[in-house]
Amino acid sequence: MSSSEDEGGEEYLFKIVIIGDSAVGKSNLLSRFARNEFNPHSKATIGVEFQTQIMDIDGKEVKAQIWDTAGQERFRAVTSAYYRGAVGALVVYDITRQSTFESVTRWLDELKTHSDSSMARMLVGNKCDLESIREVSVEEGKNLAESEGLFFIETSALDSTNVKTAFEIVIREIYNNVS
Ligand code: GDP
Ligand code: MG
């Protein structure tokens, strides 16, 4: 994170990480947010480490540098470099797979060892378009978020539900923490 005064006034750069089990939809949440794209056959992310999105908050230019895991989570090897300098996180599970919800605690532990407690954190239940095969109730998500002090939202990268909102809440919270 940085803030600098140049000719143009203040500038903000916030690093945000997306974590969660494999195939919960992390890469698609990012591509939906950054490029308005969805990939039904996405394999492990190739090449792209992060995407930068620019937002205007209170007339200030805020750059969100959002990092995607490139698939390392399959090997439980998300490195400390991935977390370094991050001031926000989206912790994602898939509402149709209970096991990905159970992993959230482990992801939160990992997050705690790599960041400080002031980090803006959002619990994200993705794939809410798949209501008919839901395994994790909204209530369960809410309760976990409340007990861990996280924001909570359900999203669909497929039909775009709440994707923009999820990122914007985190970015705004970070901004509020530093301004
Ligand atoms: P990642 O491993 O967490 O990065 O997950 P991906 O973004 O690669 O998505 C894994 C699979 O889930 C892909 O087949 C996606 O098309 C699918 N997927 C991702 N988000 C959604 C969603 O919101 N709804 C539905 N129905 N499928 C999704
Ligand atoms: Mg991915």
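Any idea which of ALA70, ALA64 is away from ligand 2 (no atom under 13 Å from the Cβ) and either within 18 Å of LYS26 (Cβ to Cβ) or assigned to a strand (DSSP E or B) (or both)?
ALA64
So which residues in region 107-153 are within 16 Å of ligand 2 (Cβ to nearest atom) and polar (S, T, N, Q), if there are any at all?
Listed by number, the list holds a single entry, ASN126.
Return the residue satisfying two criteria in turn: it lies in region 72-123 and is of a type in the set (Val, Ile, Thr) and in contact with a Lys or Arg (Cβ under 9 Å, 6 or more places away or on another chain), and of such residues it is farthest from ligand 1 (Cβ to nearest atom).
Only one residue tops the list, namely VAL87.
Listed residues SER42, SER22; which is within 12 Å of ligand 2 (Cβ to nearest atom), at pLDDT 60 or above, more than 17 Å from the chain's Cα centre (by Cα) and among the small types (Gly, Ala, Ser)?
SER42
Conditions first: (1) within 14 Å of the chain's Cα centre (by Cα); (2) within 16 Å of ligand 2 (Cβ to nearest atom). VAL78 passes all but one, so which condition is the exception?
In the conditions (1) within 14 Å of the chain's Cα centre (by Cα); (2) within 16 Å of ligand 2 (Cβ to nearest atom), VAL78 misses (1) alone.
The values are calculated or read from the model by the stated rules, or taken from the named source; none is laboratory data. Only a predicted model underlies this, so the values are computations on that prediction, with no experimental measurement involved. Glycine also receives a Cβ, built like all others from the backbone with ideal geometry; neighbour counts cover every protein chain displayed.
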